[in-house]
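A.B. asks: Structure provided below as structure tokens; questions to follow.
The values are calculated or read from the model by the stated rules, or taken from the named source; none is laboratory data. For clarity, every value in this text was computed on a predicted model and none was experimentally measured. Neighbour counts are summed over all protein chains in view; Cβ atoms, including those assigned to glycine, are modelled from backbone coordinates with ideal geometry. Ligands, DNA and RNA are stripped out before the accessible areas are found, and what is left, the full protein with its side chains, is counted by its heavy atoms. Shrake-Rupley method; radii C 1.70, N 1.55, O 1.52, S 1.80 Å.
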Amino acid sequence: RSVYAAIPGRNKFRPSQTTPIPHFTLAGDWTSQKFLGSMEGAVLGGKLAAEVVANRALGNADKPIKEIQQNIVASAAAHIAVEPLGIKGEGAIAFGAGAALGKKNGDLLKEVDPIQFASPAEYA
């Protein structure tokens with residue numbers, strides 16, 4: 001058993017590791033596998049993705065792709081994006097990704113987390 005009890009029927013909304021896009025395979029705890037949102041699920045999702053890649057490298061046919069439910073396609077088409085709450089700045093670092101720190105983003109980071117720019121004597 002994983003870290004929580006999932007609601008029955010939710011796995012049908014998760015994509016399979018195999019995709020219709022050539023050389024594109026999905027992995028992660030959010031993909032279709034039995035442990036759902038957990039470290040175990042992430043590991044199993046990675047293992048299943050590696051199996052897809054290995055099968056393709058051997059020239060084997062892909063396993064069938066899960067059917068994409070039309071209500072999900074319709075919902076995605078109708079979705080209206082909104083600005084995320086609590087995000088300051090527009091650089092990649094504001095969204096948790098790595099980035100080369102330019103002046104603009106450096107100034108933002110100094111404002112929200114000045115200890116990163118302090119000398120060792122200032123925070124010792």
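A.B. asks: Compute the FRET efficiency between GLN116 and ALA57 as 1/(1 + (r/R0)^6), taking r as their Cβ-Cβ distance and R0 = 30 Å, and round to the nearest 0.05.
C.D. replies: 0.10
A.B. asks: Going Cα to Cα from LYS104, which lysines come in below 26 Å? Please leave out same-chain ones fewer than 8 positions away.
C.D. replies: Cα-Cα hits under 26 Å: LYS88.
A.B. asks: Taking a ≥ b ≥ c as the square roots of the eigenvalues of the Cα gyration tensor of the range 9-54, is the shape rounded (a/c under 1.5), prolate (a/b larger than b/c) or oblate?
C.D. replies: Numbers: a/c = 2.64, a/b = 1.39, b/c = 1.90.
It comes out oblate by the Cα gyration axes.
A.B. asks: Roughly what would the spin-label model give for GLU40 and HIS79, points 7 Å off Cα along C-beta, in nm?
C.D. replies: Taking the simple label geometry, GLU40 and HIS79 are separated by 2.9 nm.
A.B. asks: Then there is this: Net charge near LYS12, counting Lys/Arg +1 and Asp/Glu -1 over other residues with Cβ under 14 Å of its Cβ? Mind showing how you got there, number by number?
C.D. replies: Values: positive: ARG10, ARG14, LYS34, LYS66; negative: GLU67.
Around LYS12, the charge tally is +3.
A.B. asks: Compare HIS23, HIS79 by solvent-accessible area with a 1.4 Å probe and give them largest first, with all protein chains kept in place.
C.D. replies: So, going from the largest accessible area down, we get HIS23, HIS79.
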